[in-house]
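All remarks here apply to the structure that follows.
The values are calculated or read from the model by the stated rules, or taken from the named source; none is laboratory data. From a predicted model like this one, the values you see are computed outputs, not experimental measurements. So basically every Cβ, Gly included, is an ideal-geometry build from the backbone, and we count neighbours across all protein chains shown.
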Amino acid sequence: MPWKVKKINLVVASYIFYAAWNPPFVILLWISTMVDWFAARAMGSTNSGNKRKALLGLSLFTNLGLLAFFKYGGFLLLNFQALANSLGFTYAPAPFEIFLPVGISFYTFQTLSYTIDVYRGNLKPASSLLDFAFFVAFFPQLVAGPIVRAADLLPQCERRPLISITHIGWGFVLIIIGLFEKIVMADGLFAPVVDRIYNSNIAPGFIDAWTGTMAFSGQIFCDFAGYSTCAIGVGMVLGFALPDNFRFPYAAVGFRDFWRRWHISLSTWLRDYLYISLGGNRRGAARMYFALIATMLLGGLWHGAAWTFVIWGALHGFYLVAERLSAGLSRGIKIFATTPARFVGAIITYLLVCVAWVFFRAQSFGFAISVIRSMIGLNGFGATIISARDSLLCIAIVVCMLVSQWCMRNTTTEEAVKKVPSWLLALILAVAIVLIFTAPGGDRAFIYFQF
């Protein structure tokens, strides 16, 4: 079939894929697509600065307005009610029962990057509505990323992809790796431990708190990296290259390094379209620290409409500011550049990331504080929820994950796989497939579907 016919097939299939969850919400995808298509085309045909700003404002208002209504409407209403009641006014609004459209945070940021790039002059408007609709709706990464830039995907839409047996084979390898991470690791090994701690009303002890939080660090990595790996694999099978979203983040030395490795498509989006717009590091130290904190606060709020996510973002903003403030103190001291010192730095980074994960996972701010108290030994040191044997096993698995990431921190999955003999790779994949079909993880949605 002609390439145009195949693109139509993929676009229609992507809409059916999205509509399979809740058919009416595919209309939101069409609204974002059409508004940004016409706004960008109009920006490309005028030199008027005011008109271009108005068109960008239309895109921002439409996309962020839909995101705010569906994702933050209930959150804002509850907080307004609490504020009114605290001031002595009795306000009891009707329940805000609106479903959150799956993936709205991802495709909103993706299509916004297109109009902002066109406004800045970094990108020419797409010449084909079909190609642009394909860019917005491409189903592998539509609901949970990676957040793809138009400059990366639109050129791939213009020509028929060259698909070889190598692409197909490597794509299926990535799909198997991603499914193994999700089903066996995240759902089978880590999730039951996390749920026993964070779904309980009992304040955990020191061992329980650290076991549950370290298990969650493994769960969310394997869950989200598993989805991203599957998406990249499916894209490769179809002939498209999607960007890496994770590069062994728990081997990071420092928090700038962590955000270069964790959810890369989001961190680079926040850097390019928010941090730099707020001044970045071009307007002095004070403005830079403000931009860091504001960017991470909004990044936390992007993840969910709850104060716990805001605290999670604030902690990472504080970590980044503290790291930059302390960078001058360690500059020129040779011991900090040694491998043992960097290894210790990676451990400290991981432990502080775990502290932030508490607020990400906890269902309430009060329970998050309870877990933090337990992690510093204020609620006892024994295990009260998880047996010592299960705690030891879980921590051992997490340690193995951390060691493997440290060993691979300067390479890629592709390079590591190429070094494995073909017979051994086949055996590993066969075992992984068996474990995928036999793992007792249950039917759990990907964590980032809720964002």
### Message
Taking the condition of being more than 18 Å from Asn9 (Cβ to Cβ) and among the charged types (D, E, K, R), how many residues in the stretch 140-160 meet it?
### Response
2
### Task
Name the single residue, out of those in the stretch 220-257 being of a type in the set (Val, Ile, Thr) and within 17 Å of the chain's Cα centre (by Cα), that is farthest from Val173 (Cα to Cα).
Ile220
### Query
Where residues in the stretch 365-403 are free of Cβ contacts under 8 Å to residues at least 12 places away in the same chain and among the small types (Gly, Ala, Ser), which of them is nearest to Val355 (Cα to Cα)?
Gly366
### Summary
Within the stretch 101-124, of all residues that are part of a loop (DSSP other than H, G, I, E, B) and surrounded by 19 or more Cβ atoms within 10 Å (Cβ to Cβ), the one modelled with the highest pLDDT is Leu123
#### Entry: helices (runs of 4 or more DSSP H) (entirely within the stretch 140-259) containing at least 1 residues that are surrounded by fewer than 22 Cβ atoms within 10 Å (Cβ to Cβ) and among the hydroxyl-bearing types (Ser, Thr, Tyr)
165-179, 191-198
#### Entry: Boolean, Ile147 is out of contact with any Lys or Arg (no Cβ under 7 Å at 6 or more places or on another chain), over 28 Å from Tyr114 (Cα atoms) and modelled with pLDDT of 90 or more
no
### Message
I need the full set of residues from the stretch 349-403 which are loosely packed, with under 15 Cβ neighbours inside 10 Å, under 20 Å from Asp187 (Cβ atoms) and within 21 Å of the chain's Cα centre (by Cα), in order please.
### Response
Gln363
### Number of the condition not met by Ser45 [criteria: (1) surrounded by 12 or more Cβ atoms within 10 Å (Cβ to Cβ); (2) more than 22 Å from the chain's Cα centre (by Cα)]
(1)
#### Entry: Those residues of the stretch 300-327 which are small (Gly, Ala, Ser), in contact (Cβ under 8 Å) with a residue 24 or more places away in the chain and over 13 Å from Tyr72 (Cα atoms), in sequence order
Gly317
### Message
Give me the residue from the stretch 125-139 that is assigned to a loop (DSSP other than H, G, I, E, B) and not hydroxyl-bearing (Ser, Thr, Tyr) and, out of that set, farthest from Val11 (Cα to Cα).
### Response
Pro125
### Test result for Asp272, in a helix (DSSP H, G or I) and within 20 Å of Val355 (Cβ to Cβ)
no
### Summary
The correct count of residues that are over 23 Å from the mean Cα position of the chain (by Cα) and either among the hydroxyl-bearing types (Ser, Thr, Tyr) or closer than 30 Å to Asp223 by Cβ (or both) in the stretch 111-132 is 3
### Query
Can you tell me which residues in the stretch 432-448 are surrounded by 15 or more Cβ atoms within 10 Å (Cβ to Cβ) and in a helix (DSSP H, G or I)?
Ala432, Leu435, Ile436, Ile447, Tyr448
## Note on the structure
Within the stretch 431-441, the count of residues that are in contact (Cβ under 8 Å) with a residue 60 or more places away in the chain and farther than 25 Å from Pro146 by Cα comes to 3
### Any chance Ile8 is part of a helix (DSSP H, G or I), more than 18 Å from Thr108 (Cβ to Cβ), touching a residue at least 40 places away in the same chain (Cβ under 8 Å) and assigned by TED's automatic domain parsing to the domain that holds Phe99
yes
